[in-house]
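Accompanying notes for the structure given below.
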Amino acid sequence: MGILEGIVVLVFLLVGIFFNSLGVLSLYRFPDVYTRMHGATKCSTFGTLFTGFSVIVYSLFRYFSVGETRFLVLIIHTLVAMAILLVTNATGAHAIARAAHRSRIDPKFAVVDRLAEKEGRRRASL
Amino acid sequence: MSITIFSWTVGIYAVLIVLIFGRLIAGPTIPDRAVALDTMNSLVVAIMIVLAAVYDSVVMEDIAVVYAGLSFVSTMFIARYIEGGM
Amino acid sequence: MFVFFASFLMYLVLVWSGGKIPPVEFAVAFLIATVLALSARTWIPSYRFSFLKTLNPLRWFTFLYYVFVPFGVALCKANIDVAIRVITGKIRPGIVKITPDLKSDLARMILADSITLTPGTLTVDVDDEGNFYVHWIYVQDENPSEDAIYGSFASWARRLAD
């Protein structure tokens, strides 16, 4: 029981750590703010979701072996935290992207920029 | 056994947060720093979720929920500030 | 009214700790939910509540199915895609325009969030006519079809919230 629980938790946590590290790595590897946002938002959301899944799996194992309801409470609160994180991260990234574009930060190496064409300004970097 | 794994995970996430500080300080534009701060916030939420399992306390999970909401509000404020609406 | 029910249930879920909930918590939940519902009405005057659309359980089950099956699969694909791009560094970014023709704000929000968390795309701006400006990390086509960007998500958003 203990070994199986440890292995499942370890697998989930390794996936979470892997994606969170990729999110941090993408902050340094990509050239401009939009591409950085791709890596940082997606990978950190996914990694944190998997971290939450590992806590849920751990609490489920504990609940079935010990049988105390406070592990069920832990599961419910983790689910609430994950749902809030899923919604707020995407919306926050969208807000930062829009603000960056409105404050005239051009995407580097962009092949096309329809939003700047619509606003009628020329692209500075190409 | 799981508790040991969780503790090591918290250590690794703490190292990742320290690594983010580089982008937070060096970022050429303000949106870069905002993105770094956003990533840092979601890592802090991950740490809080894991620590709630380590210390077996549900209160820490509630703090994670509130922290996620507050970090979203602060991100919105920073975005509005970058746009120049304030 | 929807805000009232949502915050009432949310408070009870967060306050539940194994046993029975004491009656005073119900009173506190009622008070908080009333304050939140009234302030939401002040902030969003155009919001109207309809029992048929909001409290329809079929709609909620469709929403849960959407979150776990099509959206979850797309989320996994997106992360593997981004992981490969972070490691190899192969990018060709650009901002493209698509017109999914959605009316309600909620449907636009669902679609924008879905676009942000699916492969290689990030919503930058939505204008009043409903045009989405999407940052695409590997542009294959400068005037893309809707299918290339988000697959069937627009019809899902229309079913869920329009």
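When you go through A:Gly39, A:Gly16 one by one, which is the residue that is at pLDDT 85 or above and under 14 Å from the mean Cα position of the chain (by Cα)?
Testing whether each residue is at pLDDT 85 or above and under 14 Å from the mean Cα position of the chain (by Cα) leaves just A:Gly16.
Among the residues of the stretch C:120-127, is any farther than 25 Å from C:Phe63 by Cα and either open to solvent by 10 Å² or more (accessible area, probe 1.4 Å) or in contact with a strand residue (DSSP E or B) (Cβ under 6 Å, 6 or more places away or on another chain) (or both)?
yes
From B:Arg33, B:Arg23, grab the single residue that is within 7 Å of chain A (Cβ to nearest Cβ), among the charged types (D, E, K, R) and open to solvent by 20 Å² or more (accessible area, probe 1.4 Å).
Within the list B:Arg33, B:Arg23, the selection yields B:Arg23.
Among the residues of the stretch A:59-92, write down those that are of a type in the set (Ser, Thr, Tyr), in contact (Cβ under 8 Å) with a residue 12 or more places away in the chain and open to solvent by 10 Å² or more (accessible area, probe 1.4 Å).
Hits for the stretch A:59-92 are A:Tyr63, A:Ser65.
For residues that are more than 7 Å from chain A (Cβ to nearest Cβ) and assigned to a helix (DSSP H, G or I), scanning just the stretch C:75-94, find the one that is surrounded by the fewest Cβ atoms within 10 Å (Cβ to Cβ).
C:Thr88
With the structure loaded, tell me whether A:Val55 is within 7 Å of chain B (Cβ to nearest Cβ) and modelled with pLDDT of 90 or more or whether it fails that test.
yes
Enumerate the pairs (first residue in the stretch B:38-62 and open to solvent by 30 Å² or more (accessible area, probe 1.4 Å); second residue anywhere and at pLDDT below 90 and outside any helix (DSSP H, G or I)) with beta-carbon separation below 6 Å, excluding pairs fewer than 6 apart on the same chain, so at least 6 apart or on different chains.
The qualifying pairs do not exist here.
Report, by residue number, each residue of the stretch A:69-97 that is more than 8 Å from every other protein chain (Cβ to nearest Cβ) and either over 18 Å from B:Ala64 (Cα atoms) or aromatic (Phe, Trp, Tyr) (or both).
Across the stretch A:69-97, the qualifying residue is only A:Phe71.
Is it fair to say A:Gly23 is more than 7 Å from chain B (Cβ to nearest Cβ) and either touching a strand residue (DSSP E or B) at 6+ places or on another chain (Cβ under 8 Å) or buried (at least 24 other Cβ atoms within 10 Å of the Cβ) (or both)?
no
Listed here are the residues, each with its yes/no results for (1) part of a helix (DSSP H, G or I); (2) under 14 Å from the mean Cα position of the chain (by Cα); (3) among the polar types (S, T, N, Q).
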position	(1), (2), (3)
B:Ser7	yes, no, yes
B:Ile12	yes, yes, no
B:Phe21	yes, yes, no
B:Val45	yes, yes, no
B:Val59	yes, no, no
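The values are calculated or read from the model by the stated rules, or taken from the named source; none is laboratory data. What you are looking at is a predicted structure, and each value in this text was computed from that prediction instead of being measured. Reconstructed Cβ throughout: ideal geometry from the backbone, glycine too, with neighbour counts over all protein chains shown. SASA here: full protein model, heavy atoms, side chains in, ligands and nucleic acids out. Shrake-Rupley method; radii C 1.70, N 1.55, O 1.52, S 1.80 Å.
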